[in-house]
């Protein structure tokens, strides 16, 4: 996904609100940003990425999960565009998203 005013592709998700677990935050953020419902019972951690936040001199950590989803993704909230990406699109991604995309490719989960 790409947020309004941003020049790179990102992974959907966001920050935890007080009292939320990673899983609760992810389910909420995906619903807000994409209009998709994640099945929390199928949520499992895929990887954790540490990198500089895109366009900022600040380190960030991103926990990435896989889960079954219900609904058709569509841009909501601050999301400007959605796209299904392959490893060939890695150069157009924020650095942390690039790491995830290339790992998905190395693991044979995407082209």
Once each part is reduced to its C-alpha centroid, what is the distance from segment 95-111 to segment 56-87 in angstrom?
13 Å
Equivalent ellipsoid semi-axes for segment 2-106, as square roots of 5 times the alpha carbon gyration tensor eigenvalues: give them largest first, rounded to whole Å.
20, 16, 15
Asserting the computed 222 nm helical MRE of the chain (DSSP H runs at least 4 long, -39500 (n - 2.57) per run, divided by residue count, to nearest 500) equals -7000 deg cm²/dmol
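Here, each number is a calculation from the coordinates, and none is a lab measurement. Predicted, not measured: the structure shown is a model, and the values here were computed from it.
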